[in-house]
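Data first, discussion second: the structure below is written as structure tokens.
The values are calculated or read from the model by the stated rules, or taken from the named source; none is laboratory data. Keep in mind that what you see is a predicted model, and the values were worked out from it rather than measured. Every residue, glycine as well, gets a Cβ built from its backbone with ideal geometry; the counts of neighbours run over all protein chains shown. Only protein heavy atoms, including side chains, enter the accessible area calculation; ligands, DNA and RNA are left aside. Shrake-Rupley method; radii C 1.70, N 1.55, O 1.52, S 1.80 Å.
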Amino acid sequence: MSSVEALVSELCPGGVQFVELQEVFDINNGYSPSKYNQDFWTDGIIPWFRLEDIRKNGRVLSDSIQHVTPQAVKKGTLFPANSIIIATNATIGEHALITVDSLANQRFTVLSKKANRSAELDMKFMFHYGFILGQWCKKIRTLKVFHQ
């Protein structure tokens, strides 16, 4: 039993309500602005997260190694602070809690709390639950590889 499962068992002996991710999160894919357009990269001020950020700086991140300019932001919209990025390909399941408005590259899916769920959802809990979600993603990926 994981530590999260133990806490649920202790603090919620009657169980917890099942809610699908899309009911509590806005789910978006990260993207990479064109490296050929230097206007997107020169003197960038907006954090742009990659797997290297997690590997070098840990799983709770307030800044990135690389930055982009406001011109690189699609539709002028950043992923909001206190979002979770989770790798959904090559290194599936790697994740981090991002504490600043930012962007992330295409290897990540970004989970941002819906405004109407702000009082009932603790992003630090979801960050820790991400370890269980990451294990599930790896298991599903392994099953797909063997069944193709």
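In straight Cα distance, which lysines are under 19 Å from Lys35, not counting same-chain residues fewer than 8 positions off? Output for Lys35: Lys74, Lys75. For Gln66, the residues whose modelled amide H falls within less than 5 Å of its own, excluding neighbours fewer than 5 places apart on the same chain, are Trp48. The lysines within cross-link reach of Lys113, meaning a Cα-to-Cα straight distance under 17 Å and a gap of 8 or more places when in the same chain, are Lys124. Rounded, prolate or oblate: which one fits segment 63-109, using the alpha carbon gyration tensor with axes a ≥ b ≥ c (rounded when a/c is under 1.5, else prolate when a/b beats b/c, else oblate)? Prolate is the answer for segment 63-109, as a/c is 1.5 or above and a/b outweighs b/c. With a Förster radius of 22 Å applied to the C-beta separation of Lys56 and Tyr31, the computed FRET efficiency comes to 0.55. Rounded to the nearest 10 degrees, the inclination of helix 123-147 to the longest alpha-carbon principal axis of the chain is 90 degrees.
Computed with a 1.4 Å probe over protein heavy atoms only, the accessible surface of segment 1-103 comes to 60 Å² per residue.
The residue among Val8, Phe25, Asn37 whose Cα reaches farthest toward the positive pole of the charge dipole of the chain, with charges on the beta-carbon of Lys, Arg, Asp and Glu, is Asn37. Protein heavy-atom surface of the chain, 1.4 angstrom probe: 54% of the accessible area is carbon and sulfur, with nucleic acids and ligands not counted.
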